[in-house]
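A quick write-up on the structure given underneath.
The values are calculated or read from the model by the stated rules, or taken from the named source; none is laboratory data. What you see is a predicted model; the values in this text were computed from it and never measured. Cβ placement follows ideal geometry from the backbone for every residue including glycine, while neighbour counts extend to all protein chains displayed.
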Amino acid sequence: MDISVVIPLLNEEESLQELYDWIAKVMQSNHFLYEVIFIDDGSTDTSWKVIQGLVEKNQEVKAIRFQRNYGKSQALDAGFAEAKGAVVITMDADLQDNPDEIPELYDLIIKENFDLISGWKKKRYDNVLTKNIPSKLYNWAARKTSGLQLNDFNCGLKAYKNEVVKAIKVSGEMHRYIPILAKNEGYSKIGEKVVKHQARIYGVTKFGVDRFINGLLDLITISFLSKFGKRPMHFFGLWGSLMFLFGFTTAFYIGVIKLYRVYAKIKTILVTDNPWFYIALTSMILGTLLFLSGFLGELIIKSNPLQKHYKIKEKINL
């Protein structure tokens, strides 16, 4: 199979038929062998009925329905697990991503051997305050922390080698930073292509203030995990050891000074009246806790397999 198109969606009943017809037209005109995988992320409208109708009429259409709304990252993860095409294309279901971009994205993966191509919506039709400005902030921070010089990490239109989507685990709100996840797995040939962005025709955006906060927290998480995710002891153990050493050295010094003054019969205060005693004690306690955190992190990584954080209610044609 040449291409798998993975489409996560939430309440997009108006656009699904038009989107599939557009994708099918592009695929057939380019003679691609393809599949389209819709992932219904807990829609409360008639999106699932529309998808069922598409499956009945088109053998290329496949579908996954979640028990409830889990988020775009979880929907992509479920779609990636099922994708069989040599190239996997992701796009949103709101018709803001242009299926006419698919042949060029396919060629960049197959002919130029890119691992991942991320779309860049250079000209956007989104709200400036609620989407454009937060997007620019995320992209700047992501470039600084990851070293990847992409202009639009969060563009829904992306192309991957199949092996890339099988290697990464997408959770939380980390769909925004899939190129970073791919880089952390050793896929270094990551490129970018300017794609056409279209104004939303149907429905409303699912972007909210909570996604702004969650996205920032996930960026911090992924930055940490990229360095210490497989070796937490290197972070917690290091800082724990340093804090314990500082506390122990301080306490030892206080003890030595106290004994010397007692031996020399020099008037001195009680050890418990010295504020440095409590600083040393607190440092040793915190150092011990940090060290134990690193140790527990190592045990969890080695003993706890990755688990899916979503429940699939129904599959069709899979």
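Looking at this structure, is Lys144 in the same structural domain as Ala199 (by TED's automatic domain parsing), within 23 Å of Val26 (Cα to Cα), charged (D, E, K, R) and surrounded by fewer than 23 Cβ atoms within 10 Å (Cβ to Cβ)? Please lay out each step first, then the result.
Numbers: in the same structural domain as Ala199 (by TED's automatic domain parsing): yes; within 23 Å of Val26 (Cα to Cα): no; charged (D, E, K, R): yes; surrounded by fewer than 23 Cβ atoms within 10 Å (Cβ to Cβ): yes.
Taking the combined requirement at face value, the residue does not satisfy it.
Please indicate, with yes or no, whether at least one residue in the stretch 88-102 is assigned by TED's automatic domain parsing to the domain that holds Ser29, small (Gly, Ala, Ser) and at pLDDT below 90. Lay out the reasoning, then the answer.
Residues of the stretch 88-102 that are assigned by TED's automatic domain parsing to the domain that holds Ser29, as a first pass: 88-102.
Checking which are small (Gly, Ala, Ser) leaves us with 93.
Still in the running and at pLDDT below 90: none.
Checking the stretch 88-102: not a single residue is assigned by TED's automatic domain parsing to the domain that holds Ser29, small (Gly, Ala, Ser) and at pLDDT below 90.
Conditions (1) surrounded by 16 or more Cβ atoms within 10 Å (Cβ to Cβ); (2) β-branched (Val, Ile, Thr); (3) at pLDDT below 90, marked per residue:
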{"site": "Arg261", "(1), (2), (3)": "no, no, yes"}
{"site": "Ile269", "(1), (2), (3)": "no, yes, yes"}
{"site": "Thr282", "(1), (2), (3)": "no, yes, no"}
{"site": "Ile285", "(1), (2), (3)": "no, yes, no"}
{"site": "Thr288", "(1), (2), (3)": "no, yes, no"}
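Annotation note: of Gly79, Gly71, the sole residue that is farther than 15 Å from Ser4 by Cα, within 21 Å of the chain's Cα centre (by Cα) and not basic (Lys, Arg) is Gly71.
Against the condition within 18 Å of Tyr34 (Cβ to Cβ) and not in a loop (DSSP other than H, G, I, E, B), how does Ala182 come out, does it pass? Considered against the rule, which asks whether it is within 18 Å of Tyr34 (Cβ to Cβ) and not in a loop (DSSP other than H, G, I, E, B), Ala182 comes out as no.
Residue pairs whose Cβ atoms lie under 7 Å apart, sitting 6 or more positions apart in sequence or on different chains, and linking a residue in the stretch 33-58 that is in the same structural domain as Glu13 (by TED's automatic domain parsing) to a partner that is among the hydroxyl-bearing types (Ser, Thr, Tyr) and assigned to a helix (DSSP H, G or I), are Val36/Tyr20; Asp40/Ser47; Leu54/Tyr20.
Quick one: would you say Ile23 is part of a strand (DSSP E or B), at pLDDT 95 or above and of a type in the set (Val, Ile, Thr)? Lay out the reasoning, then the answer.
Values: part of a strand (DSSP E or B): no; at pLDDT 95 or above: yes; of a type in the set (Val, Ile, Thr): yes.
Answer is no for this residue.
Before we move on, is Leu238 over 15 Å from the mean Cα position of the chain (by Cα), modelled with pLDDT under 90 and outside the structural domain of Tyr70 (by TED's automatic domain parsing)? Against the criterion (over 15 Å from the mean Cα position of the chain (by Cα), modelled with pLDDT under 90 and outside the structural domain of Tyr70 (by TED's automatic domain parsing)), Leu238 qualifies.
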